[in-house]
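Notes to accompany the following structure.
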Amino acid sequence: MCGKRDTFLLNAEQKERAEVIEALLPKFRKRADKLDENAEFPFENFADLKAEGIFHLTVPKRFGGDEVSLYDYLLVQEQIAQGDAATSLSLGWHNGIIMQLKDTQKWEEERFQFICEEVVKDGVLLNSAATEPATGSPARGGKPETTAKRVGENQYEISGKKTFTSLAPILDYFIVTVKIEETDEVGEFLIPRNSKGLRIEETWDTLGMRATRSDDLILDRVKVSAEAWVATRHPGHGSGPQGWLLHIPACYLGVAKAARDDAIEFAKTYQPSSLNHPIKDVPEVRRKTAEMDIELMKARHFMYHIAELWDRYPEQRSHLGAELAAVKTVATNAAVQVVDLAMRIVGGQSLFKSKPFERYYRDVRSGLHNPPSDDITTMILANRAFPKEGH
């Protein structure tokens, strides 16, 4: 943590990558306040990350990518978030989607290869667009209202609206979930940004994570070829364990670490006139600091342990669903608590816009609403403890 090499960096490759990202963080921190205040997408941050090859972090090596493990992917996400949370969360969706496609092999190899090679060569970005105003997150099981109907022999026409489309200002491809009118199936279509009838509606005006620009995607009779239908969602699709979603808790733990480190730096130097020493020597400040570290230790060890199990024992992944959900709940709630403790240490000064703590506070609140939400996690754990008869 602050002033020390992270003990979760276990090998030379991880340390080298961490040094590359560390060199970018001062620029990210300097830009963060303005981006947050104006809800502007961090284009410059993404240009910096592209230059360092971070866009193809999870692309398979056979297609020219780094093909990092889940563990290494989370290290990157957590570290970037210490510079700018919105940049981390946004990039996490792109790299995570590629990891998911690699693990599930749900696309035809030729189509997956095409996208991966574009990512490596041109730095294209993609993300899934699945959430809708009426149905909410697909994690809740709703069928999309966005529709695709066949027109002609080899085309589909897609119409609908998607919300929470992170990376919207910079995406090259949208993976859109639709209901096929003729069959009532749920399909996934890969739609290029330059498709006629596709537009972004700038609706993103939120409390936290303002720079993700997760605006609405509007599809107005967008015509695509039948080859754009890249996958079909079957019953139970998405309910299996998805390790890549740990990029979400990794991001919020990165925010919490940044708050923790900033609070410690403040405590080392701030000395009110009522004291003859900085507040770092006040017992209550030291107690709160220890509480922050305990929360971070618990959450980080839990997260990285589960990531290591995911990487080392692929045959056991189907049994890790409850643990993956629990990591997300533990980590995001720990992040909220750590930021709260950091602000209590700093006191009233933490409320000023001139300091980053109020931004940390707003950003970590967003983590509570990323999937899976706490109620889904508790349902998963309760169902495991009290399985239905016959299961």
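Quick note: the coordinates plus some simple rules give every number you see, no bench work behind them. Just so it is clear, the structure is predicted and the values come from calculations on it, not from any experiment. No Cβ is skipped: glycine too gets one built from the backbone with ideal geometry, and neighbour counts run over all protein chains shown.
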| field | For the range 8-18, 3J(HN,Hα) per residue [Karplus equation, 6.51 cos²θ - 1.76 cosθ + 1.60, θ = phi - 60°, Hz, x = Gly/Pro] | value | 7, 7, 9, 9, 5, 5, 5, 5, 5, 5, 5
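Looking at the range 27-128, which GluC sites (Glu not before Pro) are DSSP coil and have at most 16 other C-beta atoms within 10 Å of their C-beta?
Details: sites: Glu37, Glu40, Glu44, Glu52, Glu67, Glu78, Glu108, Glu109, Glu110, Glu117, Glu118; in loops: Glu40, Glu52, Glu67, Glu108.
Loop-located and lightly packed - Glu40, Glu52, Glu108.
Note down the magnitude of the dipole of the range 1-99 about its Cα centre, charges +1 on Lys and Arg C-beta and -1 on Asp and Glu C-beta and zero elsewhere, to the nearest 20 debye.
Working: 12 positive and 17 negative charges, 28 e Å.
In debye, rounded to 20, the range 1-99 gives about 140.
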| Dipole of the chain (Lys/Arg Cβ +1, Asp/Glu Cβ -1, origin at the Cα centre): which of Gly64, Ile380, Asn38 lies farthest to the positive side? | Asn38
| Can you list residues whose amide H is under 5 Å from Leu198's amide H, if they're 5+ apart or on another chain and H is modeled 1.01 Å from N? | Asp220
| note | Taking a straight Cα-to-Cα line shorter than 17 Å from Lys179, and setting aside same-chain aspartates and glutamates fewer than 8 residues away, one finds Glu132, Glu145, Glu157, Glu188, Asp220, Glu227
| said: If I take every Cα pair under 8 Å that is 6 or more residues apart in the chain, average their sequence separation and divide by the length, what percent do I get for the relative contact order? | reply: 16
| query | Taking a threshold of 23 Å on the Cα-Cα distance, which of the pairs Lys162/Lys388; Lys149/Lys196; Lys27/Lys162; Lys50/Lys161; Lys161/Lys196 fall above it? | reply | Lys162/Lys388; Lys27/Lys162; Lys50/Lys161
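Hey, what number do you get for the chain at 222 nm if only DSSP H runs of n ≥ 4 count, each worth -39500 (n - 2.57), divided across all residues, to the nearest 500?
One gets -16000 deg cm²/dmol as the mean residue ellipticity at 222 nm.
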| task | Give the residue from Ala81, Val282, Asn154 lying farthest towards the positive end of the charge dipole for the chain; charges sit on Cβ (+1 for Lys and Arg, -1 for Asp and Glu) and the dipole is referred to the Cα centre. | result | Val282
